[in-house]
Protein chains: 2
Amino acid sequence: MTPEKTVARLSLYRRFLKIAKEDGVDNVYSHQLAEMVRSTPAQVRRDLMILGYNGSPQKGYDVAELIKHIDTFFNTEKIIDVILVGVGNIGRALLSYFRDGKSHIKIIASFDKDETKAGRVINNSRCYAMDDLKNIVAENNVKTAILSVPATDAQSIADILVENGIRGILNFAPTRLKVPSDVFVEDVDITMNMEKVIYFSAGKKK
Amino acid sequence: MTPEKTVARLSLYRRFLKIAKEDGVDNVYSHQLAEMVRSTPAQVRRDLMILGYNGSPQKGYDVAELIKHIDTFFNTEKIIDVILVGVGNIGRALLSYFRDGKSHIKIIASFDKDETKAGRVINNSRCYAMDDLKNIVAENNVKTAILSVPATDAQSIADILVENGIRGILNFAPTRLKVPSDVFVEDVDITMNMEKVIYFSAGKKK
């Protein structure tokens with residue numbers, strides 16, 4: 001099982017490798033990748049060993065090859081269908097964000113408990129009533145959901161998601177979800193991030 | 001200097017304490033707080049010691065008192081003025097997010113290099129041209145910025161922010177900013193978060 005932090009770094013490596021490739025860079029060294037993700041060269045080499053791909057001490061890693069290996073790791077040849085629940089401010093922004101990207105992530109349907117939104121197309125995504133969730137998730141074999149509802153609704157909706165076979169949740173609600181141990185939750189907590197920045201902006205250095 | 005992870009946890013503790021308070025809970029124990037932030041009771045006690053506030057083994061921590069101490073730590077009696085650069089999808093969502101919240105964080109001005117946006121009020125925030133940034137930051141003594149521009153613009157705009165006295169950046173651009181060591185950057189990288197969730201949704205458990 002690949003550790004969570006390694007998975008996160010692999011995603012970041014690829015981001016920087018793609019930029020490097022566009023800039024015409026053919027080879028990178030572990031110390032360069034380390035700098036990009038604020039890690040150590042030894043850590044980079046351990047991470048990349050998981051891919052079964054090794055660089056050479058002389059030339060480092062081949063940029064194109066390394067991107068290919070990370071793509072395979074993330075299975076990005078395949079389009080991944082996800083759903084989004086909660087078409088408020090953050091939900092709408094995420095619909096636009098994933099629509100604009102050249103990524104392999106596709107939001108195939110959005111849901112909102114506000115029934116006046118059901119049937120409407122909001123930011124290019126059709127919004128459905130919560131009652132339709134079960135069928136859409138089952139028919140499309142969706143395993144991943146974005147949760148962008150208010151904190152007060154988050155747990156009850158997470159329960160519905162889990163019941164219907166969702167196994168990973170990107171959670172924007174400022175609450176700690178209780179889910180079974182085989183369900184993965186990634187929290188994005190913007191207020192907490194902002195409070196950290198404000199705290200350290202005030203001259204209290206790390 | 002308080003470590004970054006401690007600052008993050010203090011923000012989370014307060015979130016949960018406020019929910020507990022609304023539910024009529026008067027006292028909490030370190031093991032309850034630990035569960036909420038996925039940490040250990042010993043870590044919670046170390047974190048709270050920074051506030052100069054101790055619970056009792058019998059009654060735990062007084063919820064109202066603890067909230068007060070964390071407020072003082074974050075200086076939330078004071079409204080904190082921040083600016084936002086990049087009024088695209090994510091930028092607009094953040095303007096709504098911080099407008100709606102009952103938080104002490106206030107986005108006093110937004111900026112966009114698209115001059116057709118200058119002078120317009122977008123999501124209740126007046127949008128200014130980049131040329132106005134210097135004066136607005138200086139006049140309001142702003143130390144903190146939200147950066148929600150495309151990756152290609154992020155570094156050049158970060159340089160402008162730093163030149164004009166910004167000391168903390170909440171960065172939504174998928175790029176690693178280079179800033180002086182006395183400037184704090186917090187990255188929010190939604191694509192990376194999403195890739196992690198998809199990876200672990202596919203049955204590769206932690």
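The values are calculated or read from the model by the stated rules, or taken from the named source; none is laboratory data. Not measured: the values here are computed from a predicted model. Note: ideal-geometry Cβ built from the backbone for every residue, glycine included; neighbour counts use all protein chains shown.
Here are the numbers for the structure shown:
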| read-out | value |
| --- | --- |
| Single condition B:Glu186 does not satisfy, out of (1) within 30 Å of B:Asn75 (Cβ to Cβ); (2) touching a Gly at 6+ places or on another chain (Cβ under 8 Å); (3) more than 8 Å from every other protein chain (Cβ to nearest Cβ) | (3) |
| Single condition B:Ala145 does not satisfy, out of (1) in contact with a strand residue (DSSP E or B) (Cβ under 6 Å, 6 or more places away or on another chain); (2) farther than 20 Å from B:Gly165 by Cβ; (3) within 13 Å of chain A (Cβ to nearest Cβ) | (2) |
| Matching option when the condition is in contact with a helix residue (DSSP H, G or I) (Cβ under 6 Å, 6 or more places away or on another chain), outside any loop (DSSP other than H, G, I, E, B) and outside the structural domain of A:Arg14 (by TED's automatic domain parsing), among A:Ile160, A:Ile107 | A:Ile107 |
| Number of the condition not met by A:Asp112 [criteria: (1) under 30 Å from B:Ser96 (Cβ atoms); (2) modelled with pLDDT under 90] | (2) |
| Flag if A:Ala34 is more than 20 Å from B:Tyr199 (Cβ to Cβ), crowded, with 16+ Cβ neighbours inside 10 Å and assigned by TED's automatic domain parsing to the domain that holds A:Val183 | no |
| Qualifying residues in the range B:171-182 (those that are modelled with pLDDT under 95 and under 17 Å from B:Gly88 (Cβ atoms)) - the one surrounded by the most Cβ atoms within 10 Å (Cβ to Cβ) | B:Phe172 |
| Criterion violated by A:Gly119 - all others in (1) out of contact with any helix residue (DSSP H, G or I) (no Cβ under 9 Å at 6 or more places or on another chain); (2) modelled with pLDDT under 90; (3) within 11 Å of chain B (Cβ to nearest Cβ) satisfied | (3) |
| Complete set of residues in the range A:157-176 that are away from every other protein chain (no Cβ under 12 Å) and without any contact (Cβ under 8 Å) to a residue 60 or more places away in the chain | A:Ala158, A:Asp159, A:Ile160, A:Glu163, A:Asn164 |
| Identity of the residue in the range A:97-117, buried (at least 18 other Cβ atoms within 10 Å of the Cβ) and not charged (D, E, K, R), that ends up farthest from A:Leu10 (Cα to Cα) | A:Phe111 |
| From B:Gly168, B:Gly88, residue being closer than 22 Å to A:Phe98 by Cα, surrounded by 15 or more Cβ atoms within 10 Å (Cβ to Cβ) and not hydroxyl-bearing (Ser, Thr, Tyr) | B:Gly88 |
| Residue count for the range A:33-73, restricted to those that are over 23 Å from the mean Cα position of the chain (by Cα) and either modelled with pLDDT under 90 or in a strand (DSSP E or B) (or both) | 11 |
| Only one of B:Val149, B:Val142, B:Val179 that is among the aliphatic types (A, V, I, L, M), touching a residue at least 24 places away in the same chain (Cβ under 8 Å), under 19 Å from A:Phe16 (Cα atoms) and in contact with an Asp or Glu (Cβ under 9 Å, 6 or more places away or on another chain) | B:Val149 |
| Residue identified as more than 13 Å from chain B (Cβ to nearest Cβ), farther than 30 Å from B:Glu35 by Cβ and in contact with an Asp or Glu (Cβ under 7 Å, 6 or more places away or on another chain) among A:Ala109, A:Ala129 | A:Ala129 |
| Qualifying positions in the range A:132-142 - within 13 Å of chain B (Cβ to nearest Cβ) and surrounded by fewer than 13 Cβ atoms within 10 Å (Cβ to Cβ) | A:Asn141 |
| Residue list for the range B:76-90, filter: facing chain A (nearest Cβ under 9 Å) and either outside any helix (DSSP H, G or I) or without any contact (Cβ under 8 Å) to a residue 60 or more places away in the chain (or both) | B:Thr76, B:Ile80, B:Val82, B:Gly88, B:Asn89 |
| Qualifying residue in the range B:140-152 (condition: in a helix (DSSP H, G or I) and closer than 28 Å to A:Arg15 by Cα) | yes |
| Test: residue in the range A:43-50 that is without any contact (Cβ under 8 Å) to a residue 40 or more places away in the chain and closer than 22 Å to B:Ala151 by Cβ | yes |
